[in-house]
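Engineer: Quick one: this structure, given as structure tokens, is what I'll be asking you about.
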Amino acid sequence: MIHLFKFFIKLLLRLLFRVEVSGMENYEKAGDRVLIIANHTSLLDGVLLYAWLPETPTFAINTQIAAKKAFKPFLCLVRLFEMDAINPLSIKTVIKYIKQDNKVVIFPEGRITTSGTLMKIYEGTGLIADKSDANILPIRIEGAQFGRLSYMKGRGYVRWFPKITLTVLAPEKISIGEELKGHARRKVAARQLQDLLYKLSYSSFNQRTTLYSTLLNASSFFNKNTTVLEDASRETLTYKQIILRSILLSKLIKKQTLSGEHIGVLLPNVNALPVFFFALQFIGRIPAMLNFSAGALAVNRACETAQIKTIYTSRKFITQAKLDKMAVELEKNNTVIYLEDLKQEIGLFKKLSALIMSLTPAIHYARQNQNMNPDATAVILFTSGSEGHPKGVVLSHSNLLANYSQVKCHIYFNPAEIVFSCLPLFHSFGLNAGFLMPLFGGAKIFLYPTPLHYRLIPELIYQLGATIFFGTNTFFKAYARYAHPYDFNSLKCVVAGAEKLHEDTSQLWLNKYGIRIMQGYGVTEASPVISVNHLMLNKSGTVGRIIPGMEYYLRPAEGIDRGGHLVVKGSNIMQGYLLHGKEGKIQPPETERGTGWYDTGDIADIDEEGYITILGRAKRFAKVAGEMVSLSATEELAMLTWPNINHAAVAVYDERKGERIILITEKKDAERRPLLETARANQFGDLSIPRTVMVVDKIPVLGTGKTDYITLNKFVASDDNDKNDAG
């Protein structure tokens, strides 16, 4: 009778929600003593598990859910523990029951999600997992959060019958050393359980596909008529329009380029850029995002490195950005094509053809049969080129999609969110976090061409009601100087990356706007995110814990007592570098542990909870009197001495001590004595105190928001040489 009832429930759910299940073979592998954990997306979750699990397990559910009248008939069909996650007695009862070789289903969050992503994990569930010595069987429920039985009304694209998938991972166990007892042990158990759910979320997303296929999936899932893009001209684009325009534009590009060709993209953050980006993806051309703020020499060198022969740009952009001289230089070695000229070639036939193709885009995309491999190159980005020629960072479709699946565990991009994206798309932070991730998650993106409009950007965020904002410490500090205390009231998630978030910036935002900036960490070579703090798991002064699907180790660094070189590996790590003179051959990352491991070039320390503290770039240490001294520590000392002012530290050659540290600051009356006093009060080492303080009107900043240390080093070296010559 029960089997027949379950069969009809399963049939009904399949008809209504097109339920798909994968990994159910792991159920048998789990054995008899099993704790089944699942994310809690809706009131339908228990019914889904009841219908698809081979046996009828016991459910341990929240007492408030159990009290709902609508669930009384269902609860009569299963064995039930009405559990209070903070009640020791109910927890002990569940532990005892599981130890008798039983299977119990628990939703560790204790409540249905209201954000679409994971909620907090109660320590009681971790304690059950630890004390019962059970195999843990993780099950991911995806899609039900968009149904009418969820708690997401008004927060996302909610409809009657969304597609639902169930993903069952291989069983695991909580592993905690015997030395930990009491609350500390419960805390670790809860954290391990949370990590397991993050791993489940990461693993259940299809990252083995292409960017264009993911765009089509998002269009289908979130409604093709959903507005997802807007730029400074206030033109809006829906998924449908992006797909139609990308197909139309691809017809013109296809005639001018070759399959698999590296195409230079020299465009600002306007709607034309995403359309052009996906036009290249549609026909299997590879966008190489050129940094127009780097100057003609750097762009030409990037083209040489990536063997770029054709560059697409906009005549209007070239004029407005005053890049006429750069365009002239680029035309000497490359074919430069302007989008305005392409527009003149669009006739009625091409428009009708593109319209017909856009009705069944997946079929026509598959017919292209180009760049359909998830491991094929999706985009080429470039390092800043601190020495010689810039390196081309080759990122595959799978690299970028893996990073999306890793980040969406912590930052949920849903249709209720508005992302203000002003970081340039030639930078990995702007491209993936500021554009691709929210586009694939259904959020609306407002593209703004520059992060340097410090007065205007806060006002735009206020007018738009933006909820997610990415930036750098330098930019956040500048916005705070001009923004009204109410300009950022709509922001729910503010994340700093690309450079260290200084304490004075963090406190300024907290005091003035009541917003806690979450610091993350990444590198272009990791697509880019490696770790991030978020509202549930964060620690001040750190860049968060490493994201799911990544491994890491610290390699000892000469002269550094604390921490070491941070080396990482994961599905988000680049395919490799394109190096100048290597004829387009990709050089994969490699360390002493083998291929696939990437040395970030950063010196980091990792605490017992897994929080990462970046101590500085390996190249940003000075060797003073035989001791390794962090230039970042000198900058931190300056920040404590003169808050809310920009500072930078560099090292120059010194005959007596090997190197000496020079502080460059925008503090008009800066001198060395206040630094000495702050150092003594805060227990900074004497070697961290700069030997010289230089005052400048403005510290140079790269287009990505990072301090331009290359220019600073040249300036300091020139000034130092002038003084030596004068002496």
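Engineer: Once Rh is set to the Kirkwood radius over Cα pairs, what Stokes-Einstein translational diffusion coefficient, in µm²/s, holds for segment 563-702 at a temperature of 10 °C and a viscosity of 1.306 mPa s? Don't skip to the answer; put the middle values down first.
Structural biologist: Working: Rh = 17.4 Å.
Answer from the Stokes-Einstein relation: 91 µm²/s.
Engineer: When only alpha-carbon atoms count, how far does segment 636-709 stretch along each of its three principal axes, as whole angstroms with the largest first?
Structural biologist: Sorted from largest, the Cα extents of segment 636-709 read 34, 29, 20 Å.
Engineer: Now a separate question. Quick one: what do you get for the chain if you divide its Cα Rg by 2.2 N^0.38 Å?
Structural biologist: Output field value: 1.02.
Engineer: Just the C-alpha atoms of segment 2-203: what Rg/Rh do they give, with Rh taken as the Kirkwood radius? If you can, show how the numbers build up before the last one.
Structural biologist: Working: Rg = 16.2 Å, Rh = 17.1 Å.
With Rg and the Kirkwood Rh in hand, the quotient comes to 0.95.
Engineer: What's the FRET efficiency of E178 with Y482 using the Cβ-Cβ distance as r and R₀ = 60 Å, to the nearest 0.05? All intermediate terms of the calculation are to be shown ahead of the outcome.
Structural biologist: Details: r = 56 Å, r/R0 = 0.93.
After rounding to 0.05, the efficiency reads 0.60.
Engineer: Distance in nm between label sites at D697 and R14, each 7 Å beyond Cα in the beta-carbon direction?
Structural biologist: Between D697 and R14, the label points sit 7.4 nm apart.
Engineer: How many nm is it between the label spots at H580 and L80, if each spot is 7 Å from the Cα in line with the beta carbon?
Structural biologist: 7.1
Engineer: N373 to D599: extension gain in nm, 0.36 nm per residue of separation minus the Cα-Cα distance? Don't jump to the answer; show the numbers that get you there.
Structural biologist: Numbers: separation 226, 0.36 × 226 = 81.36 nm, distance 2.66 nm.
Result: 78.7 nm gained on full extension.
Engineer: Any chance you could get the radius of gyration and Dmax over the Cα atoms of segment 209-396, in Å?
Structural biologist: 16.5, 49
Engineer: For segment 252-299, what mean projected area does the convex hull of the alpha carbons give, in nm²? Spell out each step's value before the answer.
Structural biologist: Working: hull surface 14.3 nm².
For segment 252-299, averaging the hull's shadow over all directions gives 3.6 nm².
Engineer: Could you compute the longest span of the chain free of GluC sites (Glu not before Pro) located in DSSP loops and having at most 15 other Cβ atoms within 10 Å, not counting the site residues?
Structural biologist: The longest such stretch corresponds to 388-557.
Engineer: Dimensions of segment 328-393 along principal axes (Cα, Å, largest first)?
Structural biologist: Ordered largest first, segment 328-393 gives principal extents of 49, 34, 15 Å.
Engineer: Find, among the trypsin sites (Lys or Arg not before Pro) in segment 559-630, those assigned to loop by DSSP (not H, G, I, E, B) with at most 14 other beta-carbon atoms within 10 angstrom. Write out the running numbers ahead of the final one.
Structural biologist: Numbers: sites: R562, K569, K582, K585, R593, R617, K619, R620, K623; in loops: R562, K582, K585, R593.
Here the sparse-neighbourhood loop sites are R562, K582, K585, R593.
Engineer: Can you compute the helix-only [θ] at 222 nm over the chain? Use -39500 (n - 2.57) per DSSP H run of at least 4 residues, normalise by all residues, nearest 500 deg cm²/dmol.
Structural biologist: Estimated from H runs of four or more residues: -10500 deg cm²/dmol.
Here, each number is a calculation from the coordinates, and none is a lab measurement. Since this is a predicted model, take the numbers as computed values, not measurements. Positions of Cβ are generated from backbone atoms using ideal geometry, with glycine treated the same way; all protein chains shown enter the neighbour counts.
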